[in-house]
Amino acid sequence: MTTQRNNLEIYNDVAADWWSDEIRWVRTLKNLVPGRLKWFDKQTRWEGKTVLDLGCAGGFVAEALARKGAQVTGIDPAQSAIKAAKSHAKSSNLDITYDVGLGEQMPYADNTFDIVVCVDVLEHVRDLSDVLAEVARVLKPGGLFLYDTINRNLIARLVTITIAEDILHLLPKGTHDPAMFIKPNELRAAMTNAGLTCGPQTGLGPRGVNGRFDITFGPLPFKTIIYMGMARLPEVVA
């Protein structure tokens, strides 16, 4: 049987257990957050900033940023994941706004956010150009776009599909479609076309294991598989 690729229903399927730490691949997503923030924290100060977590799923990144003092809004098309995110934020006494919606058509006014964070998302979207245009639209002038995504090459396909999905089961089969992976230069060109000024990029990957023998993550000097980066909307939009 052919595996369905880019299967986004996986986020709804596990929503009830998103914060339970009982599902290994969900723990993997949670374990990625500190590694991302180790680099993102060097690009900005979060306290008092209006931040959009684009593709927030059950809220791992949104909650981490709220605890750093950001005023966070999360958006995701997975309704059950958003429900789980709202419930956990309420039980944690965190004031986070969550909305169901798509990155291609976001329900926010122009110039709303200081920062848009978009992790583990761009390699899943239906129309990358539309999403980046929306990111530029909702950012305030001078606003920051922080992201990560997966490179498109044979090594990235081997690691993320063959090893992570098929052998180690770190992700459910069908999570990714390798044809939708994005080369760094392609993403830079798309961001430039959207009116964003590209900044530095760096790698993201395994750095060790924790007490549960789950992989922990952090910045890496090479962008072969996963890479992070930043871009900025100019202060004066042409």
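The values are calculated or read from the model by the stated rules, or taken from the named source; none is laboratory data. Being a predicted model, the structure only gives us computed values, none of them experimental. Don't worry about glycine lacking a Cβ; one is built from the backbone with ideal geometry, like all the others, and counts go over all protein chains shown.
What to note about this one:
- A single entry from 121, 117 fulfils the requirement of being closer than 20 Å to residue 62 by Cα and surrounded by 20 or more Cβ atoms within 10 Å (Cβ to Cβ): 117.
- Of all the criteria given as (1) surrounded by 21 or more Cβ atoms within 10 Å (Cβ to Cβ); (2) assigned to a loop (DSSP other than H, G, I, E, B); (3) more than 16 Å from the chain's Cα centre (by Cα), the one not satisfied by residue 109 is (1).
- Search result, residues across the stretch 170-209 that are under 30 Å from residue 235 (Cβ atoms), polar (S, T, N, Q) and within 18 Å of the chain's Cα centre (by Cα): 201, 202
- Leading residue by the ranking (surrounded by the most Cβ atoms within 10 Å (Cβ to Cβ)) among those in the stretch 199-227 that are aromatic (Phe, Trp, Tyr) and closer than 14 Å to residue 37 by Cα: 227
- Count - residues of the stretch 44-96 that are among the acidic types (Asp, Glu) and either under 15 Å from residue 143 (Cα atoms) or buried (at least 24 other Cβ atoms within 10 Å of the Cβ) (or both): 3
- The residue of the stretch 14-24 that is farthest from residue 98 (Cα to Cα), among those that are surrounded by fewer than 18 Cβ atoms within 10 Å (Cβ to Cβ) and either in contact (Cβ under 8 Å) with a residue 12 or more places away in the chain or not acidic (Asp, Glu) (or both), is 24.
- Those helices (runs of 4 or more DSSP H) lying entirely in the stretch 126-228 with at least 1 residues in contact with an Asp or Glu (Cβ under 7 Å, 6 or more places away or on another chain), under 28 Å from residue 4 (Cα atoms) and modelled with pLDDT of 95 or more: 128-138
- Answer residue from the stretch 25-45, given it is touching a residue at least 60 places away in the same chain (Cβ under 8 Å) and assigned to a loop (DSSP other than H, G, I, E, B) and is farthest from residue 73 (Cα to Cα) among those: 43
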